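This report concerns only the one structure given below.
The values are calculated or read from the model by the stated rules, or taken from the named source; none is laboratory data. This structure is a prediction, so every number in the text was calculated from the model and none was measured. Every residue, glycine among them, receives a Cβ derived from its backbone with ideal geometry; neighbour counts consider all protein chains shown. These area figures cover heavy atoms from the full protein model, side chains too; ligands, DNA and RNA do not enter into them. Shrake-Rupley method; radii C 1.70, N 1.55, O 1.52, S 1.80 Å.
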Amino acid sequence: MFTDIVRWIVDTIGGLGYSGIFLLMLIESSFVPFPSEVIMIPAGYLAAKGEMNIVIAILCGILGSLAGALINYFLAIRLGRQLLIKYGKYVMFEEKHMQKMESFFARHGHISTLTGRLIPVIRQYISLPAGLARMNLAVFCFYTSLGAGIWVVILTLLGYFIGGNEALIKEYLHQIILLLIAACVIGIGIYYFFQKRNPSKN
């Protein structure tokens with residue numbers, strides 16, 4: 001059963017091509033809770049088979065992620081906090097989710113748009129508090145693309161090297177998520193250490 005599902009996902013990604021990767025990653029990065037794992041891992045597997053170019057697949061994944069994040073960013077500016085919460089319930093986005101995102105953004109500042117892209121669930125919504133805070137657009141795009149790029153590259157390489165073994169993917173993906181969370185904590189600690197040593201740059 002699982003093998004059939006995996007085969008169907010791979011066939012779907014292959015049929016949609018690069019534009020499909022872009023569109024699905026856009027959806028994944030916006031309000032709709034859609035796992036990027038089922039997009040980029042099959043793309044990497046198809047690249048290993050020679051049916052896709054791995055560099056183009058990665059670029060499409062990053063651009064799709066950035067496009068979805070920009071949708072959330074501008075929605076936050078356009079609608080404001082109350083309307084986001086009011087209409088967010090229709091896509092399973094509640095006030096408690098907004099509070100978590102705002103708290104995460106308040107604690108970690110602009111760099112949260114990078115680290116947040118590496119953490120499941122937070123990844124989809126971290127653009128909202130950035131938009132509400134009217135974070136500099138160029139800085140937002142840079143951090144978002146960098147964070148999304150790290151995640152997309154990891155997933156694509158997973159599919160490229162171990163795409164034929166579903167059990168290995170499940171095992172390594174779990175470990176990678178834990179390592180990324182640990183790396184985010186360390187990165188934030190280093191960031192604040194240097195910020196405190198150079199208060200004039202804040």
### Message
Looking at I56, I62, can you tell me which residue is part of a helix (DSSP H, G or I), in contact with a Gly (Cβ under 6 Å, 6 or more places away or on another chain), at pLDDT 85 or above and open to solvent by 30 Å² or more (accessible area, probe 1.4 Å)?
### Response
I62
### Task
Note down all Cβ pairs under 6 Å where the first residue falls in region 18-30 and is touching a residue at least 60 places away in the same chain (Cβ under 8 Å), the second is hydrophobic (A, V, I, L, M, F, W, C) and open to solvent by 10 Å² or more (accessible area, probe 1.4 Å), and they're at least six residues apart or on different chains.
E28/F34; S30/I71
### Test result for V38, open to solvent by 40 Å² or more (accessible area, probe 1.4 Å) and under 17 Å from the mean Cα position of the chain (by Cα)
yes
### Task
With respect to G68, determine if the residue is at pLDDT 90 or above and either out of contact with any helix residue (DSSP H, G or I) (no Cβ under 9 Å at 6 or more places or on another chain) or surrounded by 17 or more Cβ atoms within 10 Å (Cβ to Cβ) (or both).
yes
### Message
Cβ-Cβ distance below 8 Å, separation of 6 or more or different chains: which pairs start in region 37-59 with a residue that is in contact (Cβ under 8 Å) with a residue 24 or more places away in the chain and end on one that is open to solvent by less than 40 Å² (accessible area, probe 1.4 Å) and not in a helix (DSSP H, G or I)?
### Response
I41/G163; P42/G163; A43/M52; G44/G163; Y45/G163; L46/M52; A48/G163
### Query
In this structure, is L155 at pLDDT below 85, in a helix (DSSP H, G or I) and at negative phi?
no
